[in-house]
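Student: So that we are looking at the same thing, I have put the structure below in structure tokens.
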Amino acid sequence: MKLMQVVASTVLACSLAAPVYAAEDVSKVAQDHLAMAASYEKQATAQEALVAEHTQMKRDYKSRFYINEKVTPLRTMQKMDEHCDAIIKPAQALATELREFAKWHRMRAAELEGR
């Protein structure tokens, strides 16, 4: 029985902890969510530009390597691949994460606006 009381009081406390906004505050909070979504989208776009830059860099080095192996030694080519991959993979993951954050904030703004 004691466990049930603890669970019930915890559920009650959590439900009371939900934010309550005045009508004029809802619009402001929704705008804040949209601003955060825009910021995350901008950051994601920057990460995607970084991915594109390093993907192109890999292509450029590979094309030079295949034209004349003396221009770019194999070890240099491997180092360039490692360098670019070390930037590309986390940047892609971060861009995906940022887009998800933006999506969540847009969804939250829509909820607050009753959509």
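Student: Which residue out of Asp32, Asp60 is at pLDDT below 85 and either touching a helix residue (DSSP H, G or I) at 6+ places or on another chain (Cβ under 9 Å) or assigned to a helix (DSSP H, G or I) (or both)? Before you say what the answer is, go through the steps one by one.
Tutor: Numbers: Asp32 fails: at pLDDT below 85.
Among Asp32, Asp60, only Asp60 is at pLDDT below 85 and either touching a helix residue (DSSP H, G or I) at 6+ places or on another chain (Cβ under 9 Å) or assigned to a helix (DSSP H, G or I) (or both).
Student: Quick one: in region 46-56, of everything that is of a type outside the set (Gly, Ala, Ser) and without any contact (Cβ under 8 Å) to a residue 12 or more places away in the chain, which residue is farthest from Trp104 (Cα to Cα)?
Tutor: The initial filter retains those residues of region 46-56 that are of a type outside the set (Gly, Ala, Ser), namely 47-48, 50-51, 53-56.
From what's left, without any contact (Cβ under 8 Å) to a residue 12 or more places away in the chain: 53, 56.
On the way: Glu53: 28, Gln56: 31 Å.
So, considering only residues that are of a type outside the set (Gly, Ala, Ser) and without any contact (Cβ under 8 Å) to a residue 12 or more places away in the chain, the one farthest from Trp104 (Cα to Cα) is Gln56.
Student: Can you tell me which residues in region 33-45 are touching a residue at least 12 places away in the same chain (Cβ under 8 Å) and more than 30 Å from Asp85 (Cα to Cα)?
Tutor: Those that are touching a residue at least 12 places away in the same chain (Cβ under 8 Å) and more than 30 Å from Asp85 (Cα to Cα): His33, Leu34.
Student: Take the conditions of a type outside the set (Phe, Trp, Tyr) and either in a helix (DSSP H, G or I) or modelled with pLDDT of 95 or more (or both) and apply them to Glu53. Does it pass? If you could, list the steps in order and put the result at the bottom.
Tutor: Details: of a type outside the set (Phe, Trp, Tyr): yes; either in a helix (DSSP H, G or I) or modelled with pLDDT of 95 or more (or both): yes.
Considered against the rule, which asks whether it is of a type outside the set (Phe, Trp, Tyr) and either in a helix (DSSP H, G or I) or modelled with pLDDT of 95 or more (or both), Glu53 comes out as yes.
Student: I'd like to know if region 35-46 contains one or more residues that are touching a Phe, Trp or Tyr at 6+ places or on another chain (Cβ under 6 Å) and modelled with pLDDT of 85 or more. Reasoning before the result, please.
Tutor: Within region 35-46, the subset touching a Phe, Trp or Tyr at 6+ places or on another chain (Cβ under 6 Å) is 40.
From the residues that got through so far, the ones that are modelled with pLDDT of 85 or more too are 40.
There is at least one residue in region 35-46 that is touching a Phe, Trp or Tyr at 6+ places or on another chain (Cβ under 6 Å) and modelled with pLDDT of 85 or more.
Student: Can you name the residue in region 79-115 that is in a helix (DSSP H, G or I) and of a type in the set (Asp, Glu) and, of all such residues, is farthest from Ala46 (Cα to Cα)? Can you show your working first?
Tutor: As a first pass, look at region 79-115 and keep what is in a helix (DSSP H, G or I): 79-112.
In the following step, the residues that additionally are of a type in the set (Asp, Glu) were identified as 81-82, 85, 97, 100, 111.
Working: Asp81: 21, Glu82: 21, Asp85: 17, Glu97: 13, Glu100: 15, Glu111: 28 Å.
Looking at residues that are in a helix (DSSP H, G or I) and of a type in the set (Asp, Glu), I get Glu111.
Student: Cβ-Cβ distance below 9 Å, separation of 6 or more or different chains: which pairs start in region 72-94 with a residue that is more than 16 Å from Gln56 (Cβ to Cβ) and end on one that is not in a helix (DSSP H, G or I)?
Tutor: The qualifying pairs do not exist here.
The values are calculated or read from the model by the stated rules, or taken from the named source; none is laboratory data. Computed from a predicted structure; not experimentally measured. No Cβ is skipped: glycine too gets one built from the backbone with ideal geometry, and neighbour counts run over all protein chains shown.
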